[in-house]
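The values are calculated or read from the model by the stated rules, or taken from the named source; none is laboratory data. Quick caveat: nothing in here was measured; it's all calculated off a predicted structure. Cβ placement follows ideal geometry from the backbone for every residue including glycine, while neighbour counts extend to all protein chains displayed. Each accessible area value is taken on the protein alone, full model and side chains, heavy atoms only, with ligands, DNA and RNA left out. Shrake-Rupley method; radii C 1.70, N 1.55, O 1.52, S 1.80 Å.
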Amino acid sequence: MCHTAEVQENPTITAAEIARLAGVGRAAVSNWRKRHPDFPAPVGGTPASPEFDLIHVEQWLREQGKLPELSTVDRLWRRLTTIAETPAAALVAVGALLLARHRDERPAARQPDPGRASVVGQPDQRRAPAVGRPDQRRAPAVGQTDQRLAESLPEIDALVGEFGAQGAFDELWQRFSAPGPGRPWATSDDLADLMVGLAAVGGGSVLDPACGSGATLRAAVRAGCTSAYGQELDVPLARLAGLWLALRDVPGEVSPGDSIRADAFAARTVDAVVCHPPFGASNWGQEELDGNDPRWEYGLPPRTEPELAWVQHTLAHLRPGGYAVLLLPPAVASRRAGRRIRAALLRRGALRAVVALPPGATAPHGVPLHLWVLARPAADAAAPTRALLVDAADGDPADSYRRVLAVCRDFAEAPDVDIVADGFARTVPVIELLDEEVDLTPSRRQPAARSDTGAHLVRTRDRLVTIAGELPGLLPHLVSDRETGTPHSQSVAELIRAGALQLLGPVRSAATGKPGPEIRLAAGDVVVPMIAPRLTARVVETGGALLGRNLYLLRPDPATLDPWFLAGQLRTTANERQASSLSGTLRFDIRRAQVRRMPLDEQRANGAAVRRLDAFESAIRQLTTLGEELVQLTADGLASGALRPEQPR
């Protein structure tokens, strides 16, 4: 009885949660338990999944120097992430309590079941079927979540006392939204601000039918919208977006569910719509579409065109004269299956502009995504004769966004005026776009920028010549050692057991919805991909970034192991065979790789040669890129007349 009472008095933590708390892999926690007799003993759980006293664990980690000093908010956030299976669910639980504080209400004795949706100001609704996104796994039992939340109430109350309910939620939101494993991808703030600027949401109502955690709705509030509405398939994210709005007393609501299959706002029209719909969905409900549904006035979307269903869904919610802005994959502008709907959108003046963005505009997409700017035509308005195509894919994002917003506003004010900005923007007659393909890819409709072709070519050629001249000096100076016998080696696993090396990661995919460990890189770390065409190893020279998914991180003890020597040892042909799965896709278990035994001073000399070899390899890659660019620039310049062969004298 006493032991049970003691367990209930202090919060408990699993081994996986200890790993997240310390920023290490699960294996490191197992090693600590084996190697350190004073590691806290389990106080509950099962032999296969033990639980430990959180207070005792934090004290042990701090004494061992394995728990960095954290601010009060960071420490609270780390503890809160243990109360639910996902960070989103944890923040939802706290947000509901903070909203009650904000409204001077008593918090409910029990949080709503995370398997059901609770929407601010609305009755609970059953979650709609999944479309194109994996379901969140069910969070821990409600009673367990309530108990762990109650144990953190003093810290939460202190945070409210310092920042207020809204400010406390913002502080925790910053920790939740920081990039890292287990975090949902969100539209970047800069891109969301651009989208709401193009949609002209200021002073009007706005809807996002796939709002995620609410990035575009927050941007709309920053832009001065009067009310905000959203729908989101992922229930915890829907609740988070609703809580953020409610804590700011923004009129509106966020509902859970599938917007295409079960539109929560079927009877509502708004002044503006902004949306970053899910990409690449296959089971999105096309077979369930009703041909008589008024949303499909431009054509019933084919199975391979889910994005065109979102385009028409947003148009159906617009008031005449209102704008919608959608973030879409570039293939939507050219796929053959969608050409009839694209043609109908153009003919009736619903599609006003397509903007190609710089690559990486929002994670995790590295391709140049497109923005589609749509308008709801008035019933008696003549169809516009021109559409605007903007190619900002090659520019700096900050500068490109400014130029995109300016040219789109100019076009909205004077849609019949010619806009021609070489290599950037052009107003194209609709009749010109209505060809066999109805291809709206901006780069294919732009006049070529010719003014600096020659100067660009000269700069590229000079850079290529400079790097080529540096190559001989980058090669390490080596001599053959004929007396070397069979080298004495040890595996990475043995180095880890000996304490010469620490293995962190790999951070797995976040598809399960479980929060993974957040591992911050340090100078001298060696990063190795789990899955790759060949075994590679890179030395981190500047710390601070977070370890990406499916990467091993090896952290050598600098008094025992030189990182550049280690990287050179790992990437050998022999280790590629030793550590790989030998299947069609190479999957590496870096623990099996062999590292030659060598005194530290010899390691450092060897590592210096590896470092020069790495610089040589980087220069070779740059030469390849510059050579390809030089060939393309020359061919383009000759074909367009911007360049001509020099006449012999």
All-but-one check, ARG459 against (1) under 26 Å from GLY366 (Cβ atoms); (2) over 27 Å from the mean Cα position of the chain (by Cα); (3) open to solvent by less than 50 Å² (accessible area, probe 1.4 Å); (4) at pLDDT below 95, failing number (3)
Region 291-307 - residue that is closer than 24 Å to PRO320 by Cβ, open to solvent by 10 Å² or more (accessible area, probe 1.4 Å) and of a type in the set (D, E, K, R) and, of those, nearest to the chain's Cα centre (by Cα): ARG295
Any idea which of ALA615, ALA605, ALA579, ALA574 is within 30 Å of LEU478 (Cα to Cα) and either polar (S, T, N, Q) or open to solvent by less than 30 Å² (accessible area, probe 1.4 Å) (or both)? ALA579
If you take the residues of region 422-444 that are over 33 Å from the mean Cα position of the chain (by Cα) and not acidic (Asp, Glu), which of them is nearest to PHE411 (Cα to Cα)? VAL428
When you check ARG403 against the structure, is it open to solvent by 50 Å² or more (accessible area, probe 1.4 Å) and either under 26 Å from ASP293 (Cβ atoms) or polar (S, T, N, Q) (or both), yes or no? no
Taking the conditions exactly as written (exposed (fewer than 15 other Cβ atoms within 10 Å of the Cβ) and under 15 Å from GLU17 (Cα atoms)), does SER49 satisfy them or not? yes
Looking only at region 71-107, how many residues end up being at pLDDT 85 or above and either under 14 Å from ALA165 (Cα atoms) or basic (Lys, Arg) (or both)? 13
Scan region 532-546 and report the pairs whose first residue is open to solvent by less than 50 Å² (accessible area, probe 1.4 Å) and whose second residue is assigned to a loop (DSSP other than H, G, I, E, B) and among the acidic types (Asp, Glu), with Cβ atoms within less than 6 Å and a gap of 6+ or a chain change. VAL540/ASP525
Number of the condition not met by VAL465 [criteria: (1) open to solvent by 70 Å² or more (accessible area, probe 1.4 Å); (2) touching a Ser or Thr at 6+ places or on another chain (Cβ under 8 Å)]: (2)
Somewhere in region 261-273, is a residue within 18 Å of ARG348 (Cβ to Cβ) and open to solvent by less than 50 Å² (accessible area, probe 1.4 Å)? yes
Restricting to region 619-639, and then to whatever is open to solvent by 70 Å² or more (accessible area, probe 1.4 Å) and of a type in the set (Ser, Thr, Tyr), can you tell me which residue is nearest to HIS456 (Cα to Cα)? THR625
Only residues that are under 22 Å from PHE52 (Cα atoms) and charged (D, E, K, R): list them for region 76-102, please. ARG78, ARG79, GLU85
For GLY197, state whether it is open to solvent by 10 Å² or more (accessible area, probe 1.4 Å) and at pLDDT 90 or above. yes
How many residues of region 560-580 are in a loop (DSSP other than H, G, I, E, B) and within 20 Å of ARG612 (Cβ to Cβ)? The answer is 4
Looking only at residues that are surrounded by fewer than 24 Cβ atoms within 10 Å (Cβ to Cβ) and out of contact with any Leu (no Cβ under 9 Å at 6 or more places or on another chain) in region 210-233, which one is nearest to ALA266 (Cα to Cα)? SER227
Here the residues within region 560-575 that are more than 18 Å from ALA493 (Cα to Cα) and modelled with pLDDT of 90 or more are TRP564
Enumerate the pairs (first residue in region 55-66 and basic (Lys, Arg); second residue anywhere and surrounded by 13 or more Cβ atoms within 10 Å (Cβ to Cβ) and in a helix (DSSP H, G or I)) with beta-carbon separation below 6 Å, excluding pairs fewer than 6 apart on the same chain, so at least 6 apart or on different chains. LYS66/ALA22
